[in-house]
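Remarks on the structure that follows.
The values are calculated or read from the model by the stated rules, or taken from the named source; none is laboratory data. Note that the structure is predicted; figures quoted are calculated from it, not measured. Because the Cβ atoms are built from the backbone with ideal geometry, glycine has one as well, and the counts that use them run over all protein chains shown.
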Amino acid sequence: MNQPRIKLAAIDIGSNAARIQISSILGDEDSPILKKVEYIRFPLRLGKDVFSTGEIGDKKKDKFIKLMQCFKLMIELHEVKHVLAFATSASREASNGQAIIEEIKKLTDIDLQIIDGEMEAEITDLALSEFIDDQKFIHIDVGGGSTELNIHEDNQRIASKSFKIGSVRVKTADDPIWDDIRSWINEHISADCGNIACLGTGGNINKIFQIAATETPHTLSTGDLKMTRDYLHKLTIDERIQRLKLNEDRADVIVPAADIYLGIMTACRAKRILVPQVGLKDGMIIKLMKSVTEG
């Protein structure tokens, strides 16, 4: 008789969208593998409230709680044994973020943890292992409310920094934060370092890669990225939804996100960006699997 599969759930509450991914562990203890069972993305958009008012409004709070109750039902229906739940930038900065999370804990028993940029990078790194080698490169992770920059060399992360700029928290090109970004990059990437490679994660760069439809696996040149950005910029939000079948909450943030990737790539003189199409939720699932299989 077949043994029941161990199921894992990762809940990622971002500034633009909230996600739940449920995966099963297949294989044996020596060589476990993961199979995605369920994935749901919901446009919660906490950042729309937080980055303008400093708190999560009542209407958004009600949606947040209802969504977590839905996630709880999914966890029960799938008979998930292990759950990891993280909240990032918007929840971090909301004056009532912790109070709402405590209320969610009482109502659903889901232990939602607010994490900082450092931990977000550490967890995401778990999903990037097959794409990381010994060359020096910069990992750019653009979220709704923050952008995480991580520099890797010799298979290790040697520097990291979180900046308060994102696809929802839009900053103009002359905002002082861009001076901070360029200064940090120049501090860690010297001009004689050559054409450094970039690695991009986040829902927007994944979607841009799909739209660009290049022939090179997982890779966008700076030119391809700019061309795709300019094409998107010429379309209205309605046209992006109708022609490209983008969700509304993707259609209105994809160009600002592209501008952030391009701005950072320009600052570090990069000619291409690797897009592995994984992110925080994938790292969370891997972390759970390791805790279950390695004890």
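Just name the residue that is nearest to the chain's Cα centre (by Cα) out of those in segment 273-295 that are surrounded by 23 or more Cβ atoms within 10 Å (Cβ to Cβ) and small (Gly, Ala, Ser).
So the residue we want is Gly279.
Is it the case, given these coordinates, that Glu148 is buried (at least 19 other Cβ atoms within 10 Å of the Cβ) and charged (D, E, K, R)?
On the way: buried (at least 19 other Cβ atoms within 10 Å of the Cβ): yes; charged (D, E, K, R): yes.
It is true that Glu148 is buried (at least 19 other Cβ atoms within 10 Å of the Cβ) and charged (D, E, K, R).
Among the numbered criteria (1) outside any strand (DSSP E or B); (2) free of Cβ contacts under 8 Å to residues at least 40 places away in the same chain, which one does Glu148 miss?
Of everything listed in (1) outside any strand (DSSP E or B); (2) free of Cβ contacts under 8 Å to residues at least 40 places away in the same chain, Glu148 misses just condition (1).
I'd like the full set of residues that are in a strand (DSSP E or B), in contact (Cβ under 8 Å) with a residue 12 or more places away in the chain and more than 23 Å from Ala87 (Cα to Cα), limited to segment 24-33.
Of everything in segment 24-33, those that are in a strand (DSSP E or B), in contact (Cβ under 8 Å) with a residue 12 or more places away in the chain and more than 23 Å from Ala87 (Cα to Cα) turn out to be Ile25, Leu26.
Look through Glu130, Glu120, Glu102 and report the one residue that is surrounded by fewer than 18 Cβ atoms within 10 Å (Cβ to Cβ), at pLDDT 90 or above and not hydroxyl-bearing (Ser, Thr, Tyr). Before the answer, list the steps.
Values: Glu130 fails: at pLDDT 90 or above; Glu120 fails: surrounded by fewer than 18 Cβ atoms within 10 Å (Cβ to Cβ).
Going through Glu130, Glu120, Glu102 in turn, just one is surrounded by fewer than 18 Cβ atoms within 10 Å (Cβ to Cβ), at pLDDT 90 or above and not hydroxyl-bearing (Ser, Thr, Tyr): Glu102.
So Ser89 clears everything in (1) over 18 Å from the mean Cα position of the chain (by Cα); (2) at pLDDT below 95; (3) within 23 Å of Gly283 (Cβ to Cβ) except one condition, right? Which one?
Answer for Ser89: the failing condition is (1).
Mind telling me which of the residues Gly263, Gly279 ends up being in contact with a helix residue (DSSP H, G or I) (Cβ under 8 Å, 6 or more places away or on another chain), modelled with pLDDT of 95 or more and not hydrophobic (A, V, I, L, M, F, W, C)?
The match here is Gly263.
Suppose we filter Leu67, Leu44 for residues that are surrounded by 18 or more Cβ atoms within 10 Å (Cβ to Cβ), free of Cβ contacts under 8 Å to residues at least 40 places away in the same chain and not assigned by TED's automatic domain parsing to the domain that holds Asp249; which single one remains?
On the way: Leu67 fails: free of Cβ contacts under 8 Å to residues at least 40 places away in the same chain.
Criteria check complete, one pass: Leu44.
Quick check on segment 260-272: of everything there that is out of contact with any Ser or Thr (no Cβ under 7 Å at 6 or more places or on another chain) and surrounded by 19 or more Cβ atoms within 10 Å (Cβ to Cβ), which residue is farthest from Ser190 (Cα to Cα)?
Restricting to residues being out of contact with any Ser or Thr (no Cβ under 7 Å at 6 or more places or on another chain) and surrounded by 19 or more Cβ atoms within 10 Å (Cβ to Cβ), the top hit is Tyr261.
Among the residues of segment 85-113, how many are more than 18 Å from Ala9 (Cα to Cα) and in a loop (DSSP other than H, G, I, E, B)?
Residues flagged as more than 18 Å from Ala9 (Cα to Cα) and in a loop (DSSP other than H, G, I, E, B) within segment 85-113 amount to 3.
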